[in-house]
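The values are calculated or read from the model by the stated rules, or taken from the named source; none is laboratory data. Small disclaimer: the values here were computed from a predicted structure and weren't measured. Neighbour counts run over all protein chains shown; Cβ positions are idealised from the backbone, glycine included.
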Amino acid sequence: MTDPTGLNDDFNKRVVIDTNLMDWQASPSPNVWRKRLHHSGPAEAGVVTSIVRYEPGSEFPAHPHPDGEEIFVLDGIFSDDSGDYPAGTYILNPEGFSHAPSSGPGCTLFVKLRQYTGARLQVRKNSKVLDWRESPDGQFKTLLLDDQEGFLGRTELIRILPDAKMVAGKYQNGTEIFVLEGAFGDESGDYSRGFWIRNPPANENNILRTRDGCTLLLKSDCFS
């Protein structure tokens with residue numbers, strides 16, 4: 001079955017969603033729930049960005065990922081055939097990867113499916129044990145998660161320090177932001193933990209401000 005309208009599938013429009021206000025929806029696997037932020041294509045085989053929650057002891061049957069998969073573990077512990085991944089772990093499974101995911105204690109994930117074609121390298125990074133790089137002006141710190149030569153898109157963590165004000169820059173191929181901790185604001189509004197913002201290609205420079213600091217999962221130049 002194909003969704004004829006799609007969900008937030010016009011990448012020329014800015015999208016802002018407070019995921020805290022969304023209801024959990026059932027997935028094909030019992031005790032695994034999701035909040036879809038973007039979807040296009042077949043109902044269970046399309047391009048999708050979502051928040052996924054595994055209840056304790058839940059699991060998915062083994063399945064492939066024809067066009068790759070990106071995961072950031074928001075809380076709990078996520079597991080599959082290759083290991084156990086605690087909160088703060090970034091995972092990129094390349095095209096053709098197969099696994100049987102599960103969670104013993106339960107977990108919540110930020111997930112992007114069918115958006116990583118080509119012969120990419122597999123990535124596993126635990127952000128809790130890696131060193132961050134501070135900006136020259138001391139306003140923020142960054143932690144690179146994925147940026148592979150020959151492929152569109154860059155994924156990183158941005159930690160904006162308290163009382164900071166910074167120019168977000170202009171990205172030719174758009175950005176996605178998921179607020180992991182704290183809150184920030186810009187000319188259009190204020191965004192706290194759980195907000196997802198997608199800015200269209202060539203979006204104008206934007207000044208970000210934060211009083212108490214925040215941590216963001218940022219994908220830049222990610223739309224062709």
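List every residue pair whose Cβ atoms lie under 6 Å apart, where the two residues are 6 or more positions apart in sequence or sit on different chains, the first residue falls within the range 46-68 and is charged (D, E, K, R), and the second residue, located anywhere, is part of a loop (DSSP other than H, G, I, E, B).
Taking only residues 6 or more apart or on different chains, the pairs are 55/31; 55/106; 67/95; 67/114; 67/117.
Where in the range 5-78 are the strands (runs of 3 or more DSSP E), entirely inside, with at least 3 residues that are among the basic types (Lys, Arg) and either surrounded by fewer than 19 Cβ atoms within 10 Å (Cβ to Cβ) or outside the structural domain of residue 153 (by TED's automatic domain parsing) (or both)? Don't jump to the end; show me each part of the working.
Values: elements: 15-18, 32-40, 47-54, 63-65.
It comes to 32-40.
So if I check each of 30, 56, 42, which one is modelled with pLDDT under 95 and under 17 Å from residue 107 (Cβ atoms)? Step through it out loud before you land on a result.
Numbers: 56 fails: modelled with pLDDT under 95; 42 fails: under 17 Å from residue 107 (Cβ atoms).
Exactly one of 30, 56, 42 is modelled with pLDDT under 95 and under 17 Å from residue 107 (Cβ atoms), namely 30.
For the range 106-131, give me each residue that is hydrophobic (A, V, I, L, M, F, W, C) and under 13 Å from the mean Cα position of the chain (by Cα). Step through it out loud before you land on a result.
Taking the range 106-131 as the starting set, the residues that turn out to be hydrophobic (A, V, I, L, M, F, W, C) are 107, 109-111, 113, 119, 121, 123, 129-130.
Hits for the range 106-131 are 109, 110, 111, 113.
Got at least one residue in the range 74-87 being touching a Leu at 6+ places or on another chain (Cβ under 6 Å) and either of a type in the set (Val, Ile, Thr) or under 22 Å from residue 173 (Cα atoms) (or both)?
No, because not a single residue in the range 74-87 is touching a Leu at 6+ places or on another chain (Cβ under 6 Å) and either of a type in the set (Val, Ile, Thr) or under 22 Å from residue 173 (Cα atoms) (or both).
If I filter the range 182-203 for residues that are modelled with pLDDT under 85 and either part of a strand (DSSP E or B) or over 20 Å from residue 49 (Cβ atoms) (or both), do I get at least one hit?
The answer is yes; a qualifying residue exists.
Got a number for residues in the range 86-107 being at pLDDT below 85 and among the polar types (S, T, N, Q)?
1
Do we have residue 155 as in contact (Cβ under 8 Å) with a residue 40 or more places away in the chain, surrounded by 18 or more Cβ atoms within 10 Å (Cβ to Cβ) and either at positive phi or of a type in the set (Ser, Thr, Tyr) (or both) here? Show your work before the answer.
Values: in contact (Cβ under 8 Å) with a residue 40 or more places away in the chain: yes; surrounded by 18 or more Cβ atoms within 10 Å (Cβ to Cβ): yes; either at positive phi or of a type in the set (Ser, Thr, Tyr) (or both): yes.
Yes.
Let's see how each residue does on (1) among the acidic types (Asp, Glu); (2) out of contact with any Gly (no Cβ under 9 Å at 6 or more places or on another chain); (3) farther than 25 Å from residue 53 by Cα; (4) at pLDDT below 95:
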position: 109; (1), (2), (3), (4): no, no, no, no
position: 120; (1), (2), (3), (4): no, no, yes, yes
position: 126; (1), (2), (3), (4): no, no, no, no
position: 135; (1), (2), (3), (4): no, yes, yes, yes
position: 149; (1), (2), (3), (4): yes, yes, yes, yes
